[in-house]
Amino acid sequence: MDIAQAILGWLQPVWTLMQMLGVLIGFIMTGSSLLAIVRAQVERSKSNIAWVGVIVGILLGNLPAALNTLSYTIFNRGTQSAIAYAGGGGGQYAQLEAAVLGVISLVGLYGVIKGFLLLRAAHESRDHFWHGIKHLIGGTLAVNIVPMLQIGGASLGSTMQSVVTKIIG
């Protein structure tokens, strides 16, 4: 369980670092896209592509708010407590459970950032747009893994913990 404590110890700083990295990427993307708009005023098609970069850059620049909006859209709740999962029970694996759920939320945050970056590259290929949408939805679901597990348990007629216990034995 020492490993779980170590994971829980570095999870919040890494979460904050990834959010700030997304914000930094957003500011850089917005600035470079605005410069591209100024340079490409003669060519209208390049200017449209740059506007997409501005919009995606602004969304990444406001990553915590954008992530909250995505979460409210799907789950009707924010992501403030995505890392601060207290656990269902108080069993011997409570720390490990919280660590695993926190890592899944962190991977979800990475997916949301990657989704925004794929949307920025959508002008290159239509596939990038749909891959970006899939990353945004999947990342949002992963960030909100606890409500997803609650929904899964309710869909199976109980709580997720009791369903897993019945399957494992």
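Based on this model, can you work out whether I151 counts as assigned to a helix (DSSP H, G or I) and at pLDDT 85 or above?
Values: assigned to a helix (DSSP H, G or I): yes; at pLDDT 85 or above: no.
Against the criterion (assigned to a helix (DSSP H, G or I) and at pLDDT 85 or above), I151 does not qualify.
Filtering the stretch 94-130 to residues that are at pLDDT below 80, open to solvent by less than 60 Å² (accessible area, probe 1.4 Å) and under 30 Å from I49 (Cβ atoms) leaves only S125.
Yes or no, residue by residue, for (1) at pLDDT below 80; (2) over 22 Å from the mean Cα position of the chain (by Cα):
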{"site": "D2", "(1), (2)": "yes, yes"}
{"site": "L11", "(1), (2)": "yes, no"}
{"site": "M18", "(1), (2)": "no, no"}
{"site": "S33", "(1), (2)": "no, yes"}
{"site": "V38", "(1), (2)": "yes, yes"}
{"site": "L63", "(1), (2)": "no, no"}
{"site": "A66", "(1), (2)": "no, no"}
{"site": "Y85", "(1), (2)": "yes, no"}
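The values are calculated or read from the model by the stated rules, or taken from the named source; none is laboratory data. Note that the structure is a prediction, hence the values are computed from the model and not measured. With ideal geometry, Cβ positions are generated from the backbone for all residues, glycine too; neighbour counts draw on all protein chains shown. To get the accessible areas, we keep the full protein, side chains included, count just its heavy atoms, and leave off ligands, DNA and RNA. Shrake-Rupley method; radii C 1.70, N 1.55, O 1.52, S 1.80 Å.
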